[in-house]
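The values are calculated or read from the model by the stated rules, or taken from the named source; none is laboratory data. Quick caveat: nothing in here was measured; it's all calculated off a predicted structure. Glycine gets a Cβ as well: all are built from the backbone with ideal geometry, and neighbour counts include every protein chain shown. Heads up: the accessible areas ignore ligands, DNA and RNA and are worked out on the full protein's heavy atoms, side chains in. Shrake-Rupley method; radii C 1.70, N 1.55, O 1.52, S 1.80 Å.
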Amino acid sequence: MTNSVDLSTSFAGLRLQTPLVLLSGCVGFGEEYTRIEGWDNGDVGAVILKGTTLEARMGNAPHRVYETPSGMLNAIGLQNPGARYVIDHILPNLPHEETQFWANANGTSPEEYAEVARIFDDSPVTAIEINISCPNVKEGGVHFGNNPAMAARVVEAMRPMTKKPLITKLSPNSADIAETARHVIEAGTDGLSVINTLVGMAVDIENRRPVIDNISGGLSGPAIKPVALWKIHQTRAIASKHSIPILGQGGITCAKDAIEFAIVGSDAIGLGTGLFYEPLMCKKLLADMREYLANHHMNRYSELVGTLVTSR
């Protein structure tokens with residue numbers, strides 16, 4: 001019976017009611033989905049809020065979003081009202097009794113990241129994701145995410161500022177993603193998000209100019225799925241050695257995708273660009289996952305995680 005399949009999962013000391021996590025930047029600050037008829041917060045384990053900095057940011061100039069074959073480019077530039085505003089005016093209106101909400105911390109220096117963590121520590125969010133690898137922000141993001149030592153400095157700065165789980169978002173553009181994972185684990189991260197977007201661009205051939213005003217943007221969607229699976233596979237060994245969970249993400253649009261991510265080692269499943277295609281995808285995805293697990297004689301989602309067979 002598929003109804004008896006347990007899709008809850010443990011992640012960085014938190015109990016998620018399902019393995020599905022809505023990713024930062026794709027659901028705003030969590031209020032948007034409450035307006036969609038048929039949406040059920042019980043279908044998701046957590047919602048990661050839009051990337052937040054210490055002070056308010058206007059973000060990049062338009063164009064900031066562009067659809068590409070099997071994906072999307074975005075260069076929003078972390079437009080947000082600032083951490084204190086989010087805590088005082090947005091978090092009180094979210095349905096914390098229905099699902100968990102995680103912050104997404106950003107900064108241009110380890111000290112700024114640390115201050116954002118300190119502010120969110122006294123708030124209802126249950127975890128803080130660290131965006132050290134935002135490819136469309138000129139200051140901070142790319143530098144930290146591609147340098148293992150700098151990535152570790154950010155985590156080290158944040159760790160004393162909060163008792164909440166820290167989840168470090170890794171860049172696929174890093175020369176050695178496993179080495180970056182090792183550094184941030186040793187610095188005190190409680191979880192890993194794998195992967196952030198790839199860097200890409202698009203060209204307006206009539207004007208011979210970049211479509212995105214920022215020139216480059218973050219490429220997400222089904223086009224990056226093979227890269228995401230490979231990077232999770234590369235990261236899994238070091239994460240497992242230290243009992244660090246992985247939030248796998250990158251191009252998931254259906255249960256088959258989610259199952260692939262679980263098999264290569266995703267303790268939780270991140271949904272992002274796929275929500276733009278189908279905002280109500282979660283319910284069907286969960287039903288199809290339950291059916292798969294039941295058909296393969298598994299009673300819990302955790303039984304599927306990390307079961308990749310590489311020997312012939």
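Apply the Kirkwood formula to the chain: the hydrodynamic radius equals the inverse of the mean of 1/r over all pairs of different alpha-carbon atoms; give it in Å with one decimal.
On the way: mean 1/r = 0.0517 Å⁻¹.
Kirkwood radius, the chain: 19.3 Å.
Can you pull the Kirkwood radius for region 1-121, inverse mean 1/r over Cα pairs, to one decimal in Å? Working shown, then result.
Numbers: mean 1/r = 0.0623 Å⁻¹.
Answer for region 1-121: a Kirkwood hydrodynamic radius of 16.0 Å.
Could you count how many Lys pairs in the chain have their Cα atoms under 15 Å apart, skipping same-chain pairs fewer than 8 positions apart? Write out the running numbers ahead of the final one.
Numbers: Lys50/Lys169; Lys169/Lys231; Lys225/Lys256; Lys256/Lys283; Lys256/Lys284.
Lysine pair count for the chain: 5.
Skip the ligands, DNA and RNA, and give the accessible area per residue of the chain with a 1.4 Å probe, whole Å².
Dividing the accessible area of the chain by its residue count gives 44 Å².
Quick one: compute the contact order of the chain, relative version, from alpha carbon pairs under 8 angstrom and 6+ residues apart, as a percent.
Relative contact order comes out at 19 percent.
To one decimal place, what Kirkwood hydrodynamic radius in Å is obtained for region 164-284 from all pairs of distinct Cα atoms? Let's see the in-between values first.
Working: mean 1/r = 0.0655 Å⁻¹.
Hydrodynamic radius (Kirkwood, Cα pairs) of region 164-284 is 15.3 Å.
Of all the accessible heavy-atom surface of region 1-99, with the other protein chains kept in place and a 1.4 Å probe, what percent is carbon and sulfur?
Working: 2340 of 4720 Å².
Answer for region 1-99 is 50 percent, counting heavy atoms of protein chains only.
Tally Lys/Arg at +1 and Asp/Glu at -1 over every other residue whose Cβ is under 9 Å from the Cβ of Ala75; what's the total? Numbers along the way, then the final one.
Values: positive: Arg64; negative: Asp213.
Overall, the nearby charge balance is 0.
Please express the Cα-Cα pair-distance distribution P(r) of region 223-308 as a list of whole percents, one per 5 Å bin, running from 0 to the bin with the greatest distance.
P(r) over region 223-308, rounded to whole percents: 3, 15, 26, 24, 18, 11, 2, 0.
Only helical DSSP H runs with n ≥ 4 go in: add -39500 (n - 2.57) per run for the chain, normalise by residue count and round the 222 nm mean residue ellipticity to 500 deg cm²/dmol.
Numbers: 8 runs with 85 residues, N = 312.
That calculation yields -8000 deg cm²/dmol at 222 nm.
Using the Cβ atoms and a cut-off under 15 Å, what net charge is assigned to the surroundings of Pro279, where Lys and Arg are +1 and Asp and Glu are -1? Could you put the intermediate results ahead of the total?
On the way: positive: Arg35, Lys283, Lys284; negative: Glu31, Glu32, Glu37, Asp40, Asp43, Glu278.
Summing Lys and Arg as +1 and Asp and Glu as -1 gives -3.
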